Amino acid sequence: MNKSPSSSRRFTGAAALVVLTALYVAQAGAVPQASTRVAPVPSADAGEPSVQSGDGKARTEGAEAAEGVTAPVRGAARLNIDSGQQPEGIVAEPDGSVVVTFAPTRQIVRITPSGELRVLATLPAPPPQAETPAVGEPYAGGIVRAEDGTLYVTYATGTDDLTGVWRIAADGGVPRRVVALPAAGLPNGIALDTRSRQLYITDSFAGRVWRAPAAGGPAVVWSADPVLARHSEGFAGANGIRVHAGAVWVTNHDRGTVLRFPVTGPRSAPVAGRPETVAEGLGEIDDLVFTGDGDGLLVAGVTDSRVLLVRDGKGTPVLDEEDGLQNPTALARHGTTVHIASSAQYTLTDPHVLSANSANLTR
């Protein structure tokens, strides 16, 4: 997550064999339910000899990536940054599609493997005088998908009537707020526990995690542990969030930490256990995603334009700007494919949605 264009920007947003998929949006500002044909999304298992990378330079299978490891890349078409098409949150769907949030335009957009882009919904605009904490402008942030395709999106506006979690049907339509959150906060990351049907939401400004039923209803502060707080002179604390292996995992943007909160108590009212610092010293980070059934995970290094593989408490860069990354804000995995929202929030040049084979990132 990042500051909006109206705010002073502090930040934005290795070695692996990787295939990049970049999705070019031909026209901005589409109305909900509209469809636009974009560049096809190639399979993550295929290869091409040469394409244009994010910096406009041709990359081939023999090109040298960071630390001297070859990294064939392809499909570097571009999103339209001038139209606010900067992907903030991302979720993968079973058919290979991805759904992203465009924070500046308040849009939730599906992009199919065949290259079709469809605006599923546009969140309502707040009054012109509204001021969103930390970012200034309205902020459509994290996104999560239920098994039936229902989408849940965090939205921060600085107003009581709009800030919270919004639900969108799988096929799109009029969004509906199902969880109200304080206007003084910045709801950002979101995770769904499919067993308990509970949503977990990070507040990056207040430094806490909220919990609320996915069916809708009042939210409660699940944890306000100091490890979730931002620096006193910093920008954002608790950021990315996942439910995994009986715990809630959270990144802290300012502190560069990955935290693990064991989940205790009854399923209907889960309680946050004592947090454990899984990794630290990762720089300014955003989202995280697990690589499989174990505890190996990838973290988006937003400011330094990197994706880090976290093992044994340490982060190793496996993708960087040489692979086309520009300030990655979110990660999603389906099968062996990891999708990356490369937002260009700081570089302001070349936003992408990229894809990589997870096996190549974890060697």
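With respect to (1) over 22 Å from Asp254 (Cα atoms); (2) open to solvent by less than 20 Å² (accessible area, probe 1.4 Å); (3) within 20 Å of the chain's Cα centre (by Cα); (4) not hydroxyl-bearing (Ser, Thr, Tyr), the lone exception for Val178 is condition (3).
Which is among the aliphatic types (A, V, I, L, M) and surrounded by fewer than 24 Cβ atoms within 10 Å (Cβ to Cβ), of Ala130, Ala103?
On the way: Ala103 fails: surrounded by fewer than 24 Cβ atoms within 10 Å (Cβ to Cβ).
The conditions single out Ala130.
Can you tell me which of Ala206, Ala170, Ala184 is closer than 18 Å to Ile143 by Cβ and among the aliphatic types (A, V, I, L, M)?
Every option except Ala170 fails the conditions.
Within the range 155-176, residues that are farther than 16 Å from Gln107 by Cβ and of a type in the set (Asp, Glu) have Cβ atoms under 9 Å from residues that are outside any loop (DSSP other than H, G, I, E, B) and open to solvent by 10 Å² or more (accessible area, probe 1.4 Å) in these pairs: Asp160/Ala180; Asp161/Arg177; Asp161/Ala180, counting only partners at least 6 apart in sequence or on another chain. Picking from Ala212, Ala219, which residue would you name as being open to solvent by less than 10 Å² (accessible area, probe 1.4 Å) and among the aliphatic types (A, V, I, L, M)? Only one candidate passes the filter, namely Ala212.
The values are calculated or read from the model by the stated rules, or taken from the named source; none is laboratory data. Only a predicted model underlies this, so the values are computations on that prediction, with no experimental measurement involved. Cβ atoms come from the backbone with ideal geometry, glycine included; neighbour counts cover every protein chain shown. Just the protein is used for accessible areas: all its heavy atoms, side chains included, with ligands, DNA and RNA removed. Shrake-Rupley method; radii C 1.70, N 1.55, O 1.52, S 1.80 Å.
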